[in-house]
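Since every read-out is calculated from the coordinates, none of them should be taken as a lab result. Worth saying up front: this structure is predicted, and the values here are computed from it rather than measured. Here the Cβ is made from the backbone with ideal geometry for all residues, glycine too, and neighbour counts use every protein chain on show.
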Amino acid sequence: MQERDDNKSFLELVTELKVFTEEVVLAARATESEVEIFNEFASIIEKFPLVFDDIKDNDRAMDTPPIRKAFSSLEKELRRAKTLIESINSRSKIVKQMEDLTQDIGRSIGLLLFASNDLKLVDVKEKIRALHKELMNARFDKSLSLSPSQSRSPSHESVFVSDTESGKETETEEERQESVEEKHQIEEEERRISLGIDEVMLQLKYGDDDKLRFALLELNELVGGKTVNSEWINEEEIISILINRLGTSKPNNRLCIIQILRSLTSDNADYKEKMADVDSLLALVKSLTRDVEERREAVGLLLDLSDLPAVWRRLGRTQGCIVMLVSMLNGDDLVASNDAGKLLNALSSNTQNALHMAEAGYFKPLVHYLQEGSDMVKILMATALSRMELTDQSRASLGEDGVIEPLVRMFKVGKLEAKLSALSALHNLSILGENVQRLISSGIVVPLLQLLFSVTSVLMTLREPASAILARIAQSESILVNQDVAQQMLSLLNLTSPMIQCHLLQALNSIAAHSSASNVRRKMKENGAIQLLLPFLIETNTKIRTGALNLICTLSKDISQELTEQLGETNLSIIVDVILSTSANENEKAAALGILSNLPVSDKKATDLLKKMNLLPILISTMTSSNTTTPTSDSLAESVAGVLIRFTVPSDKKLQLYSVEKGVIPLLVKLLTSGSGVAKSKAASSLAQLSQNSLSLRKSKKSRWSCVPPAAEAYCEVHDGYCFVKSTFCLVKARAISPLIQILEGDKREADESVLGALATLLQDETWESGSNCLAKMSGIQAVIKVLELGNAKTQEKALWILERIFRIQEHRVKYGEFAQVVLIDLAQNGDPRLKSTIAKVLAQLELLQAQSSYF
């Protein structure tokens, strides 16, 4: 039969069983004997179709092999019932037989209940459980008997005995054996489900995981059906037993235990006290680390217990509890997240718990206490916040939760301890730029400056954290809304301690470096900022000395013509000494070199001084041996490249020769490939200056005065003569063409103008043809067209100048003209109007525009 059922759909099985059940009910109602017994039996069995309808509605979830097996067992028992009803003849056995039969059907329903236990169909399982309970508890009135006229014939009795005790005569031996084995299995499963109360207690205490599982199912039914009362639960110490088994059980059993505990607490609040001890709470907290369902039930139970003050205190001290609750709050399980949030809210009534939550990344309780707590609580929270190791994400979360405003208020109106704790917390928060904006919006800048000007001794301890916060705030361009803030800081420089001086110098440099701070820089210089800073160059405190150098470097970018005069030879020598010093760090050297790179290139006196102090060879040696890439090393390389520009000016060939002899060209080529965009730009500018003199320095191929003719490889096709790196500064022989082109091919555009300027030196009037061919050979023409498409107006102008010379050659027009014309036409229509004339010339070269066009 099982094989036949396997071939049917689940809906077919349920439908057939429903139909057969209705046949059994009709048979029981139609019998003429023992009407009361059979009517009572029928009234139970006729409830089956309603359950079957629910099962059909959930057929996908319930179509499992164990449930199919349970249906097979139930069908056999119903067939036995129908046979018994149709063949009953012994009044002495009728009551016992009906009770046994009803319980056999109940056991089959119990098997169905067991098979569906893991399904999340609560309503369906409740109906099956109620039906199972009614069948198992069914009892029939023994006073009822058969009347003589209603007796059945002996043949009927023999048929009943054959069907019910020996199996149908038509069954094969194999089928009978299968029926016996299945019956044994059903009785075994049902025995586990229908444990007696004593057996339940025994298995709850000592049973293995399998036996415990069935004991828990039975206990759940006992509790849910109100079969046991609170007195029994207390006497048997059920809660203590369940808590003890929670720590050692398998996942399914742990889940069932917590569900039973929740059911108990919902029925009787007195049970909560029995779960409020430390050990019970610890066991429940451990369940917060388990799988999704167990976590959800555990946090729900802890929430149920949280109306006890003792639970608040103990949970807060239970290791890992608050961390797990915060994790669940941020998790994907909406039910668990909601319960975790409610529980955290309950626990936050304790200030220590609020601090633990903040350490775990949940800050709302801490912010609430800062907003509405007592003065001492506010100080406690601010102090803790100042000491926390926060991530940027945590700082952002705190800022979004509104932590800045109450802390600023504490600083403005609080007493000394409140001010100090608030400033320390704000300093920790100000690492994040978003919080800096919130600080500026809160209006804290003016009170901070007022504090720095204060001479009240009791407030002196606040000046250092105040200056540190100002240094952070100054990194935002929004600080410029506070007029004269830089002048006020400058006036404080000589009136404060070294640490405050460091912070003020850092703040001033940040303010001066903002792109929109040109007026601020001008006012600072007009008010003698550089003269004020020069004494700090000989300061023994490295941070102060570096801060002063950085600020002078920033201010000197706008006053190059006046810089030499303002610095004077003495201070210039001090700055060079910093660069040459072996004890100075890279930040100092980068700032000092930055100042030198801002000196006017035309200042020959300054150049002579730098040459006299042997600066150039040391710079070249240092940079050539350096292979590290850090923000500081990049800044250093940029400053060095800036200084090299003054040593390669085309108007001084002797100085160029001096620089080349010291090894400047290999360093410049290295910077083209390893430097930042700024360093590459400055290096290309120096190479362009050197290349401007290559043509005049090259040795003509026709020259006859040389006793020993140069080697053939010295010949340069661009300059049509013999070129050497150290004597003619040739870009071709320096192997600089390829890295220059690679810069144009790259994605960054800041060096394009200088690179094009260097390449343009190959296309002078005497060399434009050979230079064009060289660029074509090195695949440079495509790169120039790319810049024409993507560059700004200045680089486009240089690119057009180069292309105009390249496209004088027919071969290049043919090869690259089509590629260039698309860019040129778009540029003619949408580009800078000032370029229109040059674009027209190139288009005319490509025969896309007549030379007489109005474009000219």
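Points worth noting:
- Within straight-line reach of LYS798, meaning a Cα separation under 27 Å, sit the following lysines at least 8 residues removed in sequence or on another chain: LYS557, LYS653, LYS670, LYS680, LYS682, LYS733, LYS748, LYS777, LYS786, LYS815, LYS836, LYS841.
- The range 223-298-the range 327-344 distance, computed between alpha-carbon centres (Å): 20 Å
- A Förster radius of 51 Å combined with the Cβ-Cβ distance from GLU400 to GLN487 puts the calculated FRET efficiency at roughly 0.90.
- Taking amide hydrogens as placed 1.01 Å from N in the peptide plane, the amide H of GLU717 sits under 5 Å from that of no residue at least 5 positions away in sequence or on another chain.
- Stretch in the chain that is longest and holds no trypsin sites (Lys or Arg not before Pro) that DSSP places in a loop and that have at most 11 other beta carbons within 10 Å: 416-701
- Sequence-distant residues sharing a close amide H with LYS699 (under 5 Å, placed H): TYR722
- Alpha carbon convex hull of the range 188-329, projected area averaged over orientations, nm²: 8.1 nm²
- Across the range 726-733, computed HN-Hα scalar couplings (Karplus, 6.51 cos²θ - 1.76 cosθ + 1.60, θ = phi - 60°) run 7, 10, 10, 6, 6, 5, 5, 5 Hz from first to last residue, x flagging Gly and Pro.
- Integer Hz, Karplus 6.51/-1.76/1.60 couplings in order for the range 683-688, x for Gly and Pro: 5, 5, 5, 5, 5, 4
- Note on the range 1-86: percent of Cα-Cα distances in each 5 Å bin, starting at 0 and stopping at the bin with the largest distance, equals 3, 14, 25, 22, 16, 10, 7, 3, 0.
- By the helix-only formula, in which each DSSP H run with n ≥ 4 contributes -39500 (n - 2.57) and the sum is divided by residues, the chain has a 222 nm mean residue ellipticity of -21500 deg cm²/dmol.
- For LYS250, a cut-off of 13 angstrom between C-alpha atoms picks up these aspartates and glutamates, skipping any fewer than 8 places away in its own chain: ASP208, ASP209, ASP210, ASP291, GLU294.
- Once the C-beta distance of LYS557 and LEU580 is scaled by a Förster radius of 22 Å, the resulting FRET efficiency is 0.40 to the nearest 0.05.
- Cα-projected label distance for THR673 with LYS794, points at 7 Å along beta-carbon direction, nm: 2.8 nm
- Viscosity 1.002 mPa s, 20 °C: Kirkwood-radius Stokes-Einstein D of the range 514-573 over Cα pairs, µm²/s: 179 µm²/s
- Here the label points at ASP270 and SER441, each 7 Å from Cα along the C-beta direction, are separated by 5.6 nm in the simple model.
- Integer Hz, Karplus 6.51/-1.76/1.60 couplings in order for the range 527-544, x for Gly and Pro: 8, x, 4, 5, 4, 5, 7, 4, x, 6, 5, 9, 5, 6, 6, 4, 5, 5
- Cross-link partners of LYS274 among aspartates and glutamates, defined as those whose alpha carbon lies under 12 angstrom from its own and excluding same-chain residues fewer than eight positions apart: GLU237.
- Each Cα pair under 8 Å and six or more residues apart adds its sequence gap; the mean of these over the residue count of the range 363-443 is a relative contact order of 35 percent.
- Percent of alpha-carbon pairs separated by more than 22 Å within the range 363-443: 11 percent
- Extension gain, GLN319 back to VAL377 (0.36 nm per residue minus Cα-Cα distance, nm): 18.5 nm
- Here is the P(r) of the chain: all C-alpha pair distances, binned every 20 Å from 0, give 12, 23, 20, 17, 17, 9, 2, 0 in whole percents.
- Panel order for VAL660, VAL755, VAL446, by other beta carbons found within 10 Å of each beta carbon, from fewest to most: VAL446, VAL660, VAL755.
- Remark: relative contact order (the chain) = 4 percent; criterion is Cα-Cα distance under 8 angstrom and separation of 6 or more residues.
- At full extension, SER651 and ASP765 could sit 39.1 nm farther apart than now, given 0.36 nm per residue minus the alpha carbon distance.
- Inter-label distance for GLU389 and VAL822, nm, one decimal - labels placed 7 Å from Cα along Cα-to-Cβ: 5.5 nm
- Spatial separation of Cα centroids for the range 358-403 and the range 617-673, in angstrom: 51 Å
- FRET efficiency estimate (nearest 0.05) - Cβ-Cβ, GLN352 to ALA130, R0 60 angstrom: 0.80
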